[in-house]
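**Student:** Take a look at this one; I'll ask things after.
The values are calculated or read from the model by the stated rules, or taken from the named source; none is laboratory data. Quantities reported herein were computed from a predicted structural model and do not represent experimental measurements. Backbone-built Cβ (ideal geometry, glycine too); neighbour counts: all protein chains shown. The area values use the complete protein model at the heavy-atom level, side chains included, leaving out ligands, DNA and RNA. Shrake-Rupley method; radii C 1.70, N 1.55, O 1.52, S 1.80 Å.
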Protein chains: 2
Amino acid sequence: MKALYFDGQPRFEVDFPLPAPRSGEALIRVLLAGICSTDLEIFRGYSGFCGIPGHEFVGVVVEVNGPDQTLTGRRVVGEINIGCGACSLCRQGLASHCADRRVLGIRGHQGAFAEYLTLPVANLHPVPEKLAAEEAVFAEPLAAAFRILEQLHLRPSQKILVLGDGKLGLLAAQVLHLTGAAVTLLGHYPEKMAIAGRQGISTRSPRDLPADGSFEVVVEATGSAAGARQALCLIRPGGTLVLKSTLAAPTQLDPTEIVVKEIRVLGSRCGPFAPALRALAGGRLDTRSLITSVLPFARALEALALAGAKTSLKVLLDFRR
Amino acid sequence: MKALYFDGQPRFEVDFPLPAPRSGEALIRVLLAGICSTDLEIFRGYSGFCGIPGHEFVGVVVEVNGPDQTLTGRRVVGEINIGCGACSLCRQGLASHCADRRVLGIRGHQGAFAEYLTLPVANLHPVPEKLAAEEAVFAEPLAAAFRILEQLHLRPSQKILVLGDGKLGLLAAQVLHLTGAAVTLLGHYPEKMAIAGRQGISTRSPRDLPADGSFEVVVEATGSAAGARQALCLIRPGGTLVLKSTLAAPTQLDPTEIVVKEIRVLGSRCGPFAPALRALAGGRLDTRSLITSVLPFARALEALALAGAKTSLKVLLDFRR
């Protein structure tokens, strides 16, 4: 099969071996895959992962290695963490924190930048029929945005600041805006900020921020060390800092400031797919505007370069043409 | 009056001017004062505070500058933060986070290492008659331990680790132990650990810790950079790290580890006096064993040196003899 993989540098290969589904896993033909910032870091060699990256996808189940064939032939999206199933964390439903977990396209499991991938059936969610693949492909990053609401009771009267007008920041701002809270997005690029602005979200550039911290919740979605430090200043005493991005650059959070301002810091990672699919099906979010380009998979290396441009948002790989 | 003050180095002075209570403040004659690690940092010049340190005390109200004389002649302990009373944080009851706050013996307000101090009447709590001054003097650090329970719902079935067998660690471990949770104290000094052990708290030295993180809540009370980093490793995914100490040494919390393990970090500072006084009056805690020495105030400089010794716990200054 065709695959975009990393072995020290990005390579496009036309006869990569087809993956074999283990017991309980489905073989999935990929229709569309999204390039995420984590993928770009993998292709820069920051994570140590070698193989096929990619963890945002829509595909069709070709076959299931197991008795339950309910999903065969169905269009699906999939959760990316595969726990060992036996440890105490897995038994408590915390497979995404299993120490021995595999993660699609990130750790120990080939990913979605290929014509076929495998995932346990338990990880799959059927895509509602009326939902276009170009929207359903946002289920995974959108689930990560919904994760914030699983961890934190956001009250509709609260003032929330989202730092970063990248893909994650724009999705998080839209999801948090659904709660009725007063959401402000802080970013640099007028075209990106306009996407949030059209949804009724306040937008600000760094130069017109209030000097003192008055936000009850600040979501760090810049992925930069400066973002995390700035977040601590902008938050009000007793407020909450949500860390959404795993930073490649080593950075520092000052524990003294956390104690003196009694700040709560919340690490937040993968989230629930069901509410993400419901929000997409209900048309409550603008994901279309986040698509910078859709390129045929044969042009994957070009797509990778485009995804890394500062002005880009989501670049999709299309396997259907 | 006699006072122990800092002007670049610790000095003992016999005719320091008496403080004048502002409107709504009481003049308090100090009976007993405790030396805290924060005081030691002030005397090392780490905080930039010049004047009379000291914020743990028991005293008698001599006079009140105001109409309400209810407390005159009463034995009291006192909350240490004095907000401006006018800003939005003060109006929300968050005076301890007021940007213009004064703090007894720490910031803009002379402290308890003197024969007299002043505090707003609103900050004062009468000491129950049967409670000895040697116990009541622990109200302030004990309130800081109770602060954890104000911020965090500790469930009785949880596994909690307290890092640090200093004064704060020993008080926090005892307070958390009251909830029914399984508390383990990690420390270095057998004599200090024995105080917790006698209360039924498990104690461990660093060499017999479990290799992997399995604690749902870890309380950092070592005040060391290594402690904060170690805490992140010992905590289980999704768990909570409570930061109790303002670290003098610059240190680092790794945001990537916080995100990947989805850890909640909680800064925790000053707490409620009423539950601390109730717990002391009810005899539910052992504070007596934490007293290393009680020295007359005339020997304050000697007391300061003793308080700085690694094997010391609480050193008290006695103004009654």
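**Student:** Does the stretch B:153-167 include one or more residues that are in a helix (DSSP H, G or I) and within 15 Å of the chain's Cα centre (by Cα)?
**Tutor:** yes
**Student:** Looking at this structure, is A:Arg229 within 11 Å of chain B (Cβ to nearest Cβ), part of a strand (DSSP E or B) and either of a type outside the set (A, V, I, L, M) or within 27 Å of A:Arg44 (Cα to Cα) (or both)?
**Tutor:** No, not satisfied.
**Student:** Have a look at A:Ser205, A:Ser214 and point out the one that is facing chain B (nearest Cβ under 10 Å) and surrounded by fewer than 17 Cβ atoms within 10 Å (Cβ to Cβ). Steps first, please.
**Tutor:** Working: A:Ser205 fails: facing chain B (nearest Cβ under 10 Å).
Going through A:Ser205, A:Ser214 in turn, just one is facing chain B (nearest Cβ under 10 Å) and surrounded by fewer than 17 Cβ atoms within 10 Å (Cβ to Cβ): A:Ser214.
**Student:** For the stretch B:199-226, which residues satisfy the criterion of being part of a helix (DSSP H, G or I) and either closer than 22 Å to B:Asp254 by Cα or modelled with pLDDT of 95 or more (or both)?
**Tutor:** B:Pro206, B:Ala225, B:Ala226
**Student:** Keeping to the stretch A:50-64, report how many residues are without any contact (Cβ under 8 Å) to a residue 60 or more places away in the chain and over 18 Å from the mean Cα position of the chain (by Cα).
**Tutor:** The total comes to 5.
**Student:** Out of B:Ala144, B:Ala112, B:Ala139, report the one residue that is in contact (Cβ under 8 Å) with a residue 40 or more places away in the chain, under 16 Å from the mean Cα position of the chain (by Cα) and within 12 Å of chain A (Cβ to nearest Cβ).
**Tutor:** Values: B:Ala112 fails: within 12 Å of chain A (Cβ to nearest Cβ); B:Ala139 fails: within 12 Å of chain A (Cβ to nearest Cβ).
That would be B:Ala144, the only listed residue that is in contact (Cβ under 8 Å) with a residue 40 or more places away in the chain, under 16 Å from the mean Cα position of the chain (by Cα) and within 12 Å of chain A (Cβ to nearest Cβ).
**Student:** Pick from B:Gly187, B:Gly180, B:Gly200, B:Gly223: which is more than 8 Å from chain A (Cβ to nearest Cβ) and open to solvent by less than 10 Å² (accessible area, probe 1.4 Å)? Let's see the steps before the verdict.
**Tutor:** Working: B:Gly180 fails: open to solvent by less than 10 Å² (accessible area, probe 1.4 Å); B:Gly200 fails: open to solvent by less than 10 Å² (accessible area, probe 1.4 Å); B:Gly223 fails: open to solvent by less than 10 Å² (accessible area, probe 1.4 Å).
Being more than 8 Å from chain A (Cβ to nearest Cβ) and open to solvent by less than 10 Å² (accessible area, probe 1.4 Å) holds for just one of B:Gly187, B:Gly180, B:Gly200, B:Gly223, which is B:Gly187.
**Student:** Determine whether A:Ala298 is within 22 Å of A:Ala114 (Cα to Cα), in a helix (DSSP H, G or I) and more than 9 Å from chain B (Cβ to nearest Cβ).
**Tutor:** It is true that A:Ala298 is within 22 Å of A:Ala114 (Cα to Cα), in a helix (DSSP H, G or I) and more than 9 Å from chain B (Cβ to nearest Cβ).
**Student:** Can we say A:Ser37 is surrounded by fewer than 20 Cβ atoms within 10 Å (Cβ to Cβ) and within 17 Å of the chain's Cα centre (by Cα)?
**Tutor:** Yes; evaluated as a whole, the condition is true for this residue.
Results for (1) more than 12 Å from every other protein chain (Cβ to nearest Cβ); (2) open to solvent by less than 10 Å² (accessible area, probe 1.4 Å), shown as yes or no for each residue.
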position	(1), (2)
B:Thr240	no, yes
B:Gln252	no, no
B:Ile258	no, yes
B:Ile263	no, yes
B:Ala276	yes, yes
B:Gly283	yes, no
B:Asp286	yes, no
B:Ala303	yes, yes
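**Student:** Moving on. List pairs: first residue in the stretch B:1-20 and over 16 Å from B:Ala33 (Cβ atoms), second residue of a type in the set (D, E, K, R) and in a loop (DSSP other than H, G, I, E, B) anywhere in the structure, Cβ distance under 6 angstrom, at least six positions apart or on different chains.
**Tutor:** B:Val14/B:Lys2
**Student:** Anything in the stretch B:91-109 that is within 17 Å of the chain's Cα centre (by Cα) and of a type in the set (A, V, I, L, M, F, W, C)? List them, or say none.
**Tutor:** B:Val103, B:Leu104, B:Ile106
**Student:** May I pose another question? Given the criterion on the phi < 0 side of the Ramachandran plot and part of a strand (DSSP E or B), identify the matching residue among B:Leu280, B:Leu241, B:Leu285. So that I can check it myself, show each step before the final result.
**Tutor:** Working: B:Leu280 fails: part of a strand (DSSP E or B); B:Leu285 fails: part of a strand (DSSP E or B).
Of the residues listed, the single one that is on the phi < 0 side of the Ramachandran plot and part of a strand (DSSP E or B) is B:Leu241.
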